[in-house]
Structure formats: C-alpha cells, structure tokens
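Laboratory data are not the source of any read-out in this text; all were calculated from the coordinates shown. Small disclaimer: the values here were computed from a predicted structure and weren't measured. Glycine gets a Cβ as well: all are built from the backbone with ideal geometry, and neighbour counts include every protein chain shown.
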Amino acid sequence: MLKIRLQGNKKELRRMMKLLKKNPRYQINYTSNFMQCDNNKFYRLYLTMYLCQKEKHQETKK
C-alpha cells in the first residue's frame, strides 16, 4: 500500500488522477477531498493505492 500526497492546481490534480486510474498497475483505494494550501491557487490531495502484481503467462513449448 502506498500513501501519496499530491499538490498542485485542481486541473493538474484531476489530470494526474485520471492517468493513475487508467493505469492497470495501480488500484486506487481512497481519495481525499481537495484541501487548500497556503494560497488560493494550490490544493492538496491524499490517496492510498495498491500496486497490482503482473500476471505471469506461461507459454507452452511446442
């Protein structure tokens, strides 16, 4: 399990979340709400995710 903190503007965070959801190597378990950082432009987002194991396909020899 990985616990990740992402920071940036909302557009960047949404794009990163979309990329992570598309990737079959990761399974996102929890996503927090957007929380404002020191100024109004940047936000913080927390997620927990799991790395999925690659399935090993055994080839039959002919």
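Which peptide among 17-25, 43-51 comes first, and what is the full order, when sorted by highest mean count of other Cβ atoms within 10 Å?
43-51, 17-25
On a 0 to 90° scale, report how tilted helix 10-22 is relative to the longest principal axis of the chain, with both axes built from alpha carbons and the result rounded to the nearest 10.
Once rounded, the angle reads 10 degrees.
Considering only lysines 8 or more places apart in sequence, or on different chains, count the pairs in the chain whose C-alpha atoms sit under 27 Å apart.
Pairs that pass both the separation and distance tests number 24.
Which net charge results when you count Lys and Arg as +1 and Asp and Glu as -1 among the other residues whose beta-carbon is under 12 Å from that of residue 43?
So the environment of residue 43 carries a net charge of +4.
Consider the candidate values [x] 13.7, 43; [y] 19.6, 57; [z] 16.4, 64; state which one is Rg and Dmax of the Cα atoms in Å computed from the structure displayed.
Identified label for the calculated read-out: [z].
State to the nearest 20 debye the size of the charge dipole of the chain about its Cα centre, where the only charges are +1 on K and R beta carbons and -1 on D and E beta carbons.
Charge dipole, the chain, about its Cα centre: 260 debye, nearest 20.
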